Every structure is written in structure tokens, then in C-alpha cells.
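Undergrad: For reference, the structure I am asking about is given below.
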Amino acid sequence: MTDEQTGKHGGGRLTAGPEPDESPKERVDRELIELLNGLRVILPGVQVLLAFLLTVPFSEGFVRSTSSDRIVYFATVLLTVAATGALTMPAAYHRIRFRQGDKEQMLRISNVFAIAGLVLLTFAMASVVFLITSVLYGMGAAIPVAVSGSPGSPCRCSGRWRTRADALRR
């Protein structure tokens, strides 16, 4: 197994921050590759979510949905499309700018797009949970579940991501 597959780089150390004897150029190259590889893992799931959402209006039950459900559904589709766009932007930006030589700026901008995409994805997942809960149990149950009670809620996801990032930094 390679270092990239195990998430380790040289000597079994997790890849967080500069590596010993790593030049600034090597660090930027490594971080850009890690970012693009991470997005490569996330994107299929986002695309499956979007594909599922795009089929919903064509199902028989959609005609019985309430206007509130349709608004939430449409917002969920827009959030998922925006997340897909933001998460694919680093690869597109890399293709456009890779020969211009400023990988440090490319890495910074790509990182902003990736974070924005993850935030949008978090809200899209919360919207999906809200929509499903609303259809199954009503609006009264959907709001607390989507806001704070579900594993995909924005509060829980952002907290988990931050805790994990802090743990890896130590």
C-alpha cells in the first residue's frame, strides 16, 4: 500500500503540515494532490445524491407533496448542485491554471472552494433529512431532527469535522 493510500507520509506520520526535509514547493505540490484526492473521494457520493434528487419529481408520489415539501425539495436540489459545482471547481481551476506557475495561490483558492462545497453539502444533507422526516412524520418532527438531531445536521457535521481536524493536528 502506498503512503497516499494509507493517509501517511514518510515514517508513519499523518500528513498535516510541512514534512521534515520538505521544500515549500514539495509541500504545496503534496497539499494540492491531497486536496484533489480528497475531493475525488467525496464527489461520487454528492453525484449520487444529486442523481437521486433529480429523479424525485418523476415519481408517482411527488404529485401528492405539499407546497412546503416542494420548496424544501427545490432548495435541496439547488444546494446539492451548488455543492457539486464548488467541489468540482478545484479540479477545473487546476486544469485552467496549472501551467501559470502559482500553485500556492491555486491551493488557497481550491481550498476555499472545497470548504464552501463541504458547507453546502452539509446543508444539502440536512435538507434531505428534513424533507424525508417531514414526509414521514410531519413538519413538527422535521425541524428539530434536521437542525440538531440527525447525524447529517449542519451542527453535528461541522462539529465532527472540526473535532477531527483538531485531533489530526495534535
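Each row is one residue, and each column tells you yes or no for (1) modelled with pLDDT of 90 or more; (2) over 26 Å from Gly138 (Cα atoms); (3) under 22 Å from the mean Cα position of the chain (by Cα); (4) not polar (S, T, N, Q).
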site	(1), (2), (3), (4)
Val28	no, yes, yes, yes
Leu35	no, yes, yes, yes
Ser65	no, no, no, no
Ala92	no, yes, yes, yes
Arg97	no, yes, no, yes
Gly101	no, yes, no, yes
Ala114	yes, yes, yes, yes
Leu118	yes, yes, yes, yes
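Undergrad: Shifting gears a bit: Could we say that Val81 is of a type outside the set (S, T, N, Q), more than 21 Å from Asn111 (Cα to Cα), modelled with pLDDT of 90 or more and part of a helix (DSSP H, G or I) here?
TA: Taking the combined requirement at face value, the residue does not satisfy it.
Undergrad: Among all residue pairs at least 6 apart or on different chains, which show Cβ distances below 7 Å where the first residue, located in the range 21-38, is within 21 Å of Thr84 (Cα to Cα) and the second is charged (D, E, K, R) and assigned to a helix (DSSP H, G or I)?
TA: Filtered contacts from the range 21-38: Leu32/Lys103; Asn37/Glu4.
Undergrad: Inspect the range 149-170 for any residue being under 25 Å from Ala51 (Cα atoms), in a helix (DSSP H, G or I) and at pLDDT 85 or above and give the result as yes or no.
TA: No: the range 149-170 contains no residue that is under 25 Å from Ala51 (Cα atoms), in a helix (DSSP H, G or I) and at pLDDT 85 or above.
Undergrad: Any chance the range 111-130 includes a residue that's in contact with a Gly (Cβ under 8 Å, 6 or more places away or on another chain) and of a type in the set (Ser, Thr, Tyr)?
TA: yes
Undergrad: Right, here's the next one. So which residues in the range 93-118 are in a helix (DSSP H, G or I) and without any contact (Cβ under 8 Å) to a residue 24 or more places away in the chain?
TA: Selection gives Tyr93, Arg95, Ile96, Arg97, Phe98, Arg99, Gln100, Gln105, Arg108, Ile109, Val112, Ile115.
Undergrad: Quick check on my filter: what residues within the range 66-92 are in contact (Cβ under 8 Å) with a residue 40 or more places away in the chain, over 13 Å from Phe130 (Cβ atoms) and crowded, with 18+ Cβ neighbours inside 10 Å?
TA: Thr80, Ala83, Thr84, Leu87, Pro90
The values are calculated or read from the model by the stated rules, or taken from the named source; none is laboratory data. Here the structure is a predicted model, which is why all the values come from computation and not from measurement. Methodologically, a virtual Cβ is constructed for each residue, glycine included, from the backbone with ideal geometry; neighbour enumeration extends over all protein chains shown.
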